[in-house]
Structures are given as structure tokens and as C-alpha cells.
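In what follows, a structure is listed as C-alpha cells, so that the remarks can point back to it.
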Amino acid sequence: MPPSPERRFNSRLGLILFAVYLVLYLGFVLTNALQPSAMETIIVLGLNLAIVYGFALIVAAIFLALLYGLLCRKEIPNATANTDRPQEGASE
Amino acid sequence: MIYEPSWIAVFVFLAFVVFTVGLSFYLGRKATSSQGYFAAHGQIPWFVNGIAFAGDYLSAASFLGICGMIAAYGYDGFLYSIGYLAGWIVALFVIAEPMKRLGRFTFADALDAQFNSRGIKLAAGVSTLAVSVFYLIPQMVGAGSLIQPLLGFPHWVGVVLVGIVVITIVVTAGMVSTTWVQFLKGSLLVLFSAILVIIVLDRGFTVSDGGLKTIGPIDRSDIRSAEIEGRTVLPPEAGWDKHPEFVRLVNSKGGFDIFRIAASPDNDPDRAILAQAQAMTVLSDGRKLVDGLPFGAGEAERQLMPIGHITKLPDGYADSKSVGPISFFTTLQDSEVVLWGNTVVRTDDGSTTKVFYQKPTDGSHVLRPGEHPTFAGIRSGGAKDRVNFLSLMLALFCGTASLPHILIRYYTVKDASAARKSTIVGITSIGFFYVLTLYLGLGAMTSGALDLTDTNMAAPLLARSMSQWLFAIISAIAFTTVLGTVSGLILASSGAVAHDLIGGVMGIELTEHAQVRVAKIAAVAVGAIAILLGIAFKEMNVSYLVGWAFSVAASANLPALVMLLFWKGTTKQGIIASVIVGMVSSLGWILLSADTYQKVYGWDAADAIAPFSQPGIVTIPLAFATLVLVSLMTRSAQTPSP
């Protein structure tokens, strides 16, 4: 049985939000690794980029998680069958 | 440091332990079936499960390790906070709901849902055991560190005590009681950490000399004379002569005060100051001396002084008064704090002395990455160090969603929607806690209460600098933190043994009761292994050890799980190969790395075979590639020709 439209929507939403966070996280990690001196730059309220970006990543994680919870569609009970993985992939 | 046990601490600690074990016995009566024992009948409310996620996840590594690393080196410890939380995004958006739909009791269930393959059960079961045992080590090390100041017992006694209590909890109860213990612990941990942070902000910063003496400025030519300020200078006998930066002055008790030569504040090259250091000597017969006197708290004995002070505040103020959440950082940014370095002096009589010395450091430097030796390379420009850093951050990102004790928690709620909601509650509470870690760590750095030889004790010692009651409560919560996480890990391991290996691989049909009994026997065995490893790895920072556990989890488990969900071409052989290659390569890499050579085997780090310490950046893609390659090979062999 194919996944319900609600589950497809939720999965796609999850992957989009994941991609958004991945970009933010990659930006942080790569800045630290390749341009570490940039993290010392004071950018707002006397705080440096390391503190602001670090806190922003934590706040973004919480915000995206809440957004996901808010936007996810309720799945109808008979569509909760085990359809996460397409059968054709099984090689048994 | 020598800790004198306080009756308040002992009382609060025992009350926590008795309550926790009592709760386990009470709830354990309901967990006689395997569904109850491993998955709490899938009836845990999502909010409780979400906080229990925080309880499971905010382990000794988060509370003790991260705070300790921040207290000792500054911002670098916060990198772990960021990485640990980022991993939850993978868990929420990619893993949580499918995991709940696919599995029943264990990680292997989910991986094997479409195949019913003994090979997958074997690989996933062994991988669960390997990751759990690796993750158990830092928890046990943290437990030992906590017991010392609480009850005055040696480190190993703490490890054994935790092992026994946890085995009792797991054997008597199972997932129901583990979940409620985690819920309580998670709530208390976040609440009391917030209280500590409020007190840290209210207290602000105060300039101090940390109780340490400074001599000078004096002429550099006088430093090698027979006397300084009327005190005899000990001649630099064999071994000490290789460290001309240190000067030892005889004190009235028969020991010495040791000083490190530092630049004069007026930058006069002919003059210097002597800044007090501290020396811990281990004699060839194993006896310990501090500054030349027997280690102890008696009259003719000495112990290392607590550390952590600030020497300059902005605009020459001596006290900042209370600060806000932002001015906390801006004040520290323009201050000077004292971090501590150390160097080892070996003398001809076979004794080894570790000299701890002050390193006055700009506040701005502790608020940027790169002070910890592990991360220092990212600023020095070494390509290998940068790859090592990227590798660690990748492992933290990918590791959370692959940890067995986190994955099994998805089975304790009723459906995928509840799994999603509980993960959101988990992320919110864990994220809030990680914000607090930076304040806690930096607060501890300037608290004057830190133990030079044990960074893991930073948060409880910060509490002790405020009140004995807070110290007692925080220590007890930290101890319960260890209990909870270790319970979850042992439960995951025992599930892997009873359900995956014995039931799934050996094909032995066990009744519900027999399966639970086998799981309990496995819990005792895994607990015993954890005790031994906890004693062996005593010296290492728990957060660092957890970084390794994440690497193994991310390499062994995540590639198979992700590809199973997103690639139709995945075959059972691909999954088995991926799990095995990920696990063996990451474990092998860690065992052959410079850190393990130096800190575990005591060998020369330069001889290490692995080019850098963190394996994730190589072993995670390797596991993905293995899965794709083996799946393509086995799939084409099984697909009939047109």
C-alpha cells in the first residue's frame, strides 16, 4: 500500500526543514574550520560571531522542530501500515 | 583536591538513590512481558517520553563533560553542545516516525523489518552492543568522579556503586521505570541548571588573585640566586634543569612553593614576575606529594588548591555586580581570566611531577573556538587538524539518531505521531539545557572552586561555591543522570542480546518470561563490563569519550538506516556489509589513533597509525559507499535477466 498523502507531505516537510538546518550547520562548521578568525568578529550587541551563531543554531533547532510539529498533517489511522520502504527494494 | 564528604550531600544523595531504586521496584512489577520490559507496552505519554529523551540524552557527557571542558578551555566545549543538539534534527526530520513504524523492540527490528534476515539481526545486535559499551565508558567515568567529593570514596568505588545500582534498576524493572527515572532526572536537571545560571548571573564577576602568590617584578638575574625575598631557592637537580621556567622556594613546612617565570607587567625584558604554580609528584613507590609535601589535608600535608579566577575586569573594576545574559559575555570578553596549563617533569629518581601553571588569557579568547588542544589546530592552520574537527562535528550530527538507547525510546509511545511530538519536546528541553551549559561552564571557570585534576567536576563544584545544599542536589541529580543513561544503555544492550542475537540469530524460541530473564542476565554481564571499563578510562574527559561513541554509532548504524528509508535498491547484504564495515572501521580507527595511543596505551602519539583521531569523516562515507556497492552487486545477481 502506498504511503498516504499526509505521510508524504510530512516526510517532504521533514526533509525540507532538515535541508534548511543542514545549510545552517554546515555554515557554522565550515566557518570554524576554514575561517576561524571570523568567529571572533563582534557582530551584534558586543557579542562575537561564535556566540551568536552557536546560540542561533540552538534556537533554530527548537524553532524548526516546533514549526514541524505545527505544520505536520494528521495521518488517518488506516494509513499507518508499514509502508516506509518500497517493497521492490527487498531482495529476499 | 581532597574532598571532605558533607552530611547534607550524603543525605540528599542517598534520598535520590533510594527513591530511584524504590520507583524501579514499584514500577517493575508491571514489566513481566517482553513488550512491557523492552517497550513499556508503548503506553508512555508523549510529553513524558520527550522529557525522558532529555533525561536519556543529557548524560554525564553533557552535564559533567561539556561544563568541564568549557570551564577549562572556554567555548570549545560548547561546540559539543551545538553538535549534540544538531543530531536531534536528523532524529526528528529523518528517523523518528519511520523508526516507530518499522520496529518493535530494538534497532535491529527496524533495520530488518523488510528482510527477516539473521545476518542483519546479528550485525545490528553486535553494533548495538559495541556502541552501548562505548557510550557506557564515559558515564561510568563520570560516576566515579562524582562519588569522590560526595562520599569521599575513591573513583573506582563510585564506578562499582553505579554499576550495582543500575544493574538493580534494570534487572528489577525495565523500560517503564527507566522512562520515569529519566523523566524525573531530565526535569530536575534542566530546572536546577537554570537555577545555577540565575545565581551565576546574579553573582557576576569579581577580580581575585585566586589565593596564589606573585613575586616581583624582580631582575631576571636575581632569579637564579640562592635566595629570593629571603627564601631559599631549591637547586634545579636532574630533571628540573630541563625546565628553567620553574623556580622552587623552600617553605616553612619543609616543602616548597613553585613559581613560573612570566613577563613583567611593565614589559621590561630584564625583569620578570614569579607566578605561583602547583606541583603534583608521583614517587617511584606510588606515593603522592603536592609541592614536596605528602598529599593530604593534615598539618604537614598539602593538597592542590581549587582554581578559577578572573584577574582583570573592563575599565579596572574589581566587581562587575550582577550581569544579564548578554552582558555576561560582553563583560567576560573584555576581562582577563586565568586558565591552567601543565607540563611534566621527570627526575632521575624515577618520580614524575606534573606542574600546573597559570595562563592569564584574554576573555575574548575563551569565547572563541580553538583553546582546547583538540581544536587548537583549526586556528594554527593544519589541514589534518581541520579535517579532525570536521570529522568530529559530522559524527555528532549523525550520531544522535543512531544511538541505540535513543532509538528504542521511539517504541515506548503509541504511534508515529507521538514519536514526533516527543522528539519535539526532547529537542526543546535539550536545546534549552545546552544554552545553559555555556553559562555554567564559564561561571565555573571563574568560580574559584575547580579541581585541577578533574575537569568533569566543574558543574557540581560551581554549585558548591554557592551552597552545600545546591552542591548536594546538583551532585545527586548528576548521579541520577548517570544512573538513567546507563540504565537506558544497558536496557538497549540486553534487548540486543535477548531479542536480536538469541531470538533472532540463534533462532531459539523463548517464552515472554524467558526472553525477559535472558535480557536481565545480559544486563548483569554488560553492567560488569561497564564497571571494568569505567575504572580503566578514569583519566579521560567524558565528553571526549562520548565523541568516539558517536563516531561508532554514526558509522555503523546511520548509513544503513538512512539508505533503507530512502533508496529502493538497498539489499540485505548491503545493510549487513555497511553495519560491519562502519563498526569495524570506526572502532579500528579509534584504537589506532594518536589520542588512544597517548591516553589509553601510554605510548608515543607520534607512532599512531590513524592520521587523525576522529574517524567519522572517513568511516561514515565508507559505510554508505559499502552499502551502495554491495547492494548493486547483490541486486544485479538476484534480478532475473530480461
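The values are calculated or read from the model by the stated rules, or taken from the named source; none is laboratory data. From a predicted model like this one, the values you see are computed outputs, not experimental measurements. FYI the Cβ positions are ideal-geometry reconstructions off the backbone, even for glycines, and counts take in every protein chain you see. Protein only, heavy atoms only, side chains kept; ligands, DNA and RNA dropped before computing areas. Shrake-Rupley method; radii C 1.70, N 1.55, O 1.52, S 1.80 Å.
Using the Cβ-Cβ distance between B:Phe11 and B:Val157 with R0 set to 25 Å, the FRET efficiency works out to roughly 0.85.
I need the shape label for the stretch B:80-214. Rule: rounded when a/c is under 1.5, else prolate if a/b > b/c, else oblate, with a, b, c from the alpha carbon gyration tensor. It would help to have the intermediate numbers written out before the result.
Numbers: a/c = 2.41, a/b = 1.75, b/c = 1.37.
Prolate is the answer for the stretch B:80-214, as a/c is 1.5 or above and a/b outweighs b/c.
For B:Lys354, a cut-off of 21 angstrom between C-alpha atoms picks up these lysines, skipping any fewer than 8 places away in its own chain: B:Lys213, B:Lys242, B:Lys253, B:Lys288, B:Lys538, B:Lys599.
With all protein chains present and a 1.4 Å probe, how do B:Lys414, B:Lys599, A:Lys74, B:Lys572 order by accessible area, largest first? Walk me through the numbers before you get to the answer.
Details: B:Lys414 150, B:Lys599 105, A:Lys74 175, B:Lys572 55 Å².
The most accessible residue leads, giving A:Lys74, B:Lys414, B:Lys599, B:Lys572.
Summary value for chain B: 27 percent relative contact order, contacts being C-alpha pairs under 8 angstrom separated by 6+ residues. Note on chain B: with charges restricted to the Cβ of Lys and Arg (+1) and Asp and Glu (-1), its dipole about the Cα centre is near 2400 debye. Since only B:Phe537, B:Thr330, B:Ile82 are under comparison, the one whose Cα sits farthest along the positive direction of the charge dipole of the protein assembly as shown, derived from C-beta charges on Lys, Arg, Asp and Glu, is B:Ile82. Axis angle, to the nearest 10 degrees, between helix B:416-445 and the longest C-alpha principal axis of chain B: 10 degrees. Solvent-accessible area per residue in the protein assembly as shown equals 37 Å², computed with a 1.4 angstrom probe and all protein chains kept. Rounded to the nearest 20, the Cβ-based charge dipole of the protein assembly as shown about its Cα centre (Lys and Arg +1, Asp and Glu -1) stands at 2540 debye. Inter-chain neighbour count for B:90-99: the average number of beta-carbon atoms from partner chains within 10 Å of each residue's beta-carbon is 5.
Which of the trypsin sites (Lys or Arg not before Pro) found in the stretch B:103-153 are in a DSSP loop and have at most 12 neighbouring Cβ atoms, other than their own, within 10 Å?
On the way: sites: B:Arg104, B:Arg118, B:Lys121; in loops: B:Arg104.
Loop-located and lightly packed - none at all.
For the stretch B:431-590, the relative contact order comes to 14 percent (Cα pairs under 8 Å, sequence separation of at least 6). Rounded to the nearest 20 debye, the dipole magnitude of the stretch B:214-368 is 460 debye, with +1 charges on Lys and Arg beta carbons, -1 on Asp and Glu beta carbons, and the Cα centre as origin. Toward the positive end of the charge dipole of the stretch B:214-368, with +1 on the Cβ of Lys and Arg and -1 on the Cβ of Asp and Glu, the farthest Cα among B:Leu304, B:Ser252, B:Ser225 is that of B:Leu304. Across the options B:Ile198, B:Ile164, B:Gly488, the greatest Cα extent toward the positive end of the charge dipole of chain B (unit charges at beta carbon of Lys, Arg, Asp, Glu) belongs to B:Gly488. The angle between the Cα long axis of helix B:118-151 and the longest principal axis of the Cα atoms of chain B comes to about 30 degrees, rounded to the nearest 10. Taking the centroid of alpha carbons for each part, the stretch B:329-346 and the stretch B:233-265 are 21 Å apart. Taking each pair of distinct Cα atoms in chain B once, what is the resulting Kirkwood hydrodynamic radius in Å? Evaluated on chain B, it is 25.8 Å.
What's the average, rounded to a whole number, of partner chain beta-carbon atoms within 10 Å of each residue's beta-carbon in A:21-32? Could you put the intermediate results ahead of the total?
Details: counts 7, 5, 0, 2, 10, 2, 0, 5, 11, 3, 1, 12.
That works out to 5 on average.
Bridges between two residues of the protein assembly as shown, per DSSP, are antiparallel at a rate of about 95%.
Restriction of the trypsin sites (Lys or Arg not before Pro) in the stretch B:271-315 to DSSP coil positions whose beta-carbon has at most 12 other beta-carbons within 10 angstrom yields B:Arg287. Highest mean first, the peptides B:577-587, A:38-48 sorted by other C-beta atoms within 10 Å per residue fall in the order B:577-587, A:38-48. Distance between the modelled labels on A:Leu13 and B:Val344, one decimal in nanometres: 5.6 nm (7 Å Cα→Cβ projection). Counting only aspartates and glutamates at least 8 places from B:Lys321 when in the same chain, those with an alpha carbon closer than 16 Å to its own are B:Asp202, B:Asp334. Starting from the Cα gyration tensor of the stretch B:147-235, take the square roots of the eigenvalues, sort them a ≥ b ≥ c, and report rounded, prolate or oblate (rounded when a/c is under 1.5, otherwise prolate if a/b is larger than b/c, else oblate). Taking the square roots of the gyration eigenvalues as a ≥ b ≥ c, the stretch B:147-235 is oblate. If one takes the longest principal axis of the Cα atoms in chain B, at what angle in degrees, from 0 to 90 and to the nearest 10, does the Cα axis of helix B:7-28 lie? For B:7-28 against chain B, the angle is about 0 degrees.
Compared with the direct C-alpha span, the chain from B:Asp209 to B:Ala318 gains 38.1 nm at full extension, assuming 0.36 nm per residue. The modelled label-to-label distance between B:Ala194 and B:Leu591, using points 7 Å beyond Cα along the C-beta direction, is 4.6 nm.
Could you work out the mean count of beta carbons from other protein chains within 10 Å of each residue's beta carbon in B:365-371? For this peptide, the per-residue mean of nearby foreign Cβ atoms is 5.
Rounded, prolate or oblate: which fits the stretch B:389-434 when a ≥ b ≥ c are the square roots of the eigenvalues of the alpha-carbon gyration tensor, with rounded for a/c under 1.5 and prolate only if a/b beats b/c?
Values: a/c = 2.99, a/b = 1.62, b/c = 1.84.
Oblate is the answer for the stretch B:389-434, as a/c is 1.5 or above yet b/c matches or exceeds a/b.
Under 26 Å of direct C-alpha separation, and excluding same-chain neighbours fewer than eight residues apart, B:Lys572 reaches these lysines: B:Lys100, B:Lys121. Solvent-accessible area of the protein assembly as shown (1.4 angstrom probe, protein heavy atoms only): carbon and sulfur portion equals 64 percent. Interface burial in the stretch B:407-436 reaches 30 Å² or more for B:Arg420, B:Ile424, B:Ile427, B:Thr428, B:Val435, comparing the full protein assembly with the chain by itself; accessible area from heavy atoms with a 1.4 Å probe. Over the residues of chain B, the helix contribution to mean residue ellipticity at 222 nm works out to -18000 deg cm²/dmol, using -39500 (n - 2.57) for each DSSP H run of at least 4.
Interface between chains B and A: roughly 4600 Å² of accessible area buried, both sides summed (probe 1.4 Å, protein heavy atoms only).
FRET efficiency for the pair B:Phe566 and B:Phe47, taken as 1/(1 + (r/R0)^6) with r the Cβ-Cβ distance and R0 = 41 Å, rounds to 0.85.
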